[in-house]
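Everything on this sheet refers to the single structure shown next.
The values are calculated or read from the model by the stated rules, or taken from the named source; none is laboratory data. As the structure is a computational prediction, the values presented were derived from the model and not from experiment. All Cβ positions, glycine included, derive from the backbone under ideal geometry; neighbour counts span all protein chains shown.
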Amino acid sequence: MRTFSLKKAGLCLMVMAGLATMTAPAANAQDVTTGSATATILAVLSVTATQALNFGNVYQGVAKTQDETSDANSGIFTITGAAAANISCYFQLPEFVALANGSDRMTITFSSTDATFSVLDAAAPSTPSAPGLGATLNTNPRNLTGTAIGAGGTSQIFLGGKVIPSVNQTAGAYSADIVLTVAYLGT
């Protein structure tokens, strides 16, 4: 009969424990989670030509300027959309106004100070002569910068310009399209 000593038993246990740790795969921690993707579509961006740029009666050979601060005659464009959103604004400005039948045209120009951009809050209506707080006065309509929708969801652009008739300009009503393109900028 064989006797098993305590010393041999301890050695055997140590060897077995060592083998168990060597041959057993390391336990790796693993976890799984699910995230989500969200998006909120902002209010629809809308642009309206609220009032035409109106030069009124013009004499042959006499240039006429219309200031952007004239309540009755400046061009007014109203922009509505998401409150406080940054936007880009681009005017396509005509070089000429023409008779409806196209038989004659007259030069129209826009200076680097012919626009005012008015950012409106909910409580303050705006007019060309009183564009409101935060307005960018006497700015270039070809390079509108720092534009945003007001806290009330509305902004406006007031536009002036100058027509230059020739001395033998044909009498009649002249017009041209002024196109304003507005888009949201990423935040």
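Residues of the stretch 92-114 being acidic (Asp, Glu) and without any contact (Cβ under 8 Å) to a residue 40 or more places away in the chain, which ones?
The one that is acidic (Asp, Glu) and without any contact (Cβ under 8 Å) to a residue 40 or more places away in the chain: Glu95.
Please give the number of the condition Thr147 fails out of (1) surrounded by 15 or more Cβ atoms within 10 Å (Cβ to Cβ); (2) out of contact with any Cys (no Cβ under 6 Å at 6 or more places or on another chain); (3) under 21 Å from Val44 (Cβ atoms); (4) not basic (Lys, Arg).
Of everything listed in (1) surrounded by 15 or more Cβ atoms within 10 Å (Cβ to Cβ); (2) out of contact with any Cys (no Cβ under 6 Å at 6 or more places or on another chain); (3) under 21 Å from Val44 (Cβ atoms); (4) not basic (Lys, Arg), Thr147 misses just condition (2).
Tell me which residues, restricted to the stretch 59-75, are assigned to a loop (DSSP other than H, G, I, E, B), touching a strand residue (DSSP E or B) at 6+ places or on another chain (Cβ under 6 Å) and not hydroxyl-bearing (Ser, Thr, Tyr).
Within the stretch 59-75, the subset assigned to a loop (DSSP other than H, G, I, E, B) is 59-63, 67-74.
Remaining after also requiring touching a strand residue (DSSP E or B) at 6+ places or on another chain (Cβ under 6 Å): 63, 68, 71, 73-74.
Within the stretch 59-75, Ala63, Glu68, Asp71, Asn73 qualify.
Asn28: touching a strand residue (DSSP E or B) at 6+ places or on another chain (Cβ under 8 Å), in a loop (DSSP other than H, G, I, E, B) and more than 25 Å from Gly134 (Cα to Cα), yes or no?
Working: touching a strand residue (DSSP E or B) at 6+ places or on another chain (Cβ under 8 Å): no; in a loop (DSSP other than H, G, I, E, B): yes; more than 25 Å from Gly134 (Cα to Cα): yes.
It is false that Asn28 is touching a strand residue (DSSP E or B) at 6+ places or on another chain (Cβ under 8 Å), in a loop (DSSP other than H, G, I, E, B) and more than 25 Å from Gly134 (Cα to Cα).
Write out, first by first residue and then by second, each pair whose Cβ atoms fall under 8 Å of each other, whose residues are 6+ apart or on separate chains, and whose first residue, in the stretch 42-56, is without any contact (Cβ under 8 Å) to a residue 40 or more places away in the chain while the second is of a type in the set (A, V, I, L, M, F, W, C) and assigned to a loop (DSSP other than H, G, I, E, B).
Final answer for the pair search is Asn54/Ala72.
Would you mind finding the one in Ala49, Ala43, Ala82 that is at pLDDT 90 or above, surrounded by 10 or more Cβ atoms within 10 Å (Cβ to Cβ), within 18 Å of the chain's Cα centre (by Cα) and in a loop (DSSP other than H, G, I, E, B)?
Ala82
Out of all the residues in the stretch 136-162, which are over 17 Å from Gln51 (Cβ atoms) and aliphatic (A, V, I, L, M)?
Matches in the stretch 136-162: Leu137, Leu144, Ala148, Ile149, Ala151.
Restricting the stretch 154-187 to residues that are more than 13 Å from the chain's Cα centre (by Cα), part of a loop (DSSP other than H, G, I, E, B) and hydroxyl-bearing (Ser, Thr, Tyr), which is surrounded by the most Cβ atoms within 10 Å (Cβ to Cβ)?
Thr170
Write out, first by first residue and then by second, each pair whose Cβ atoms fall under 6 Å of each other, whose residues are 6+ apart or on separate chains, and whose first residue, in the stretch 157-179, is more than 25 Å from Cys89 (Cβ to Cβ) and touching a residue at least 24 places away in the same chain (Cβ under 8 Å) while the second is surrounded by 12 or more Cβ atoms within 10 Å (Cβ to Cβ) and among the acidic types (Asp, Glu).
Going by the 6 Å Cβ cut-off, the qualifying pairs are Thr170/Asp104.
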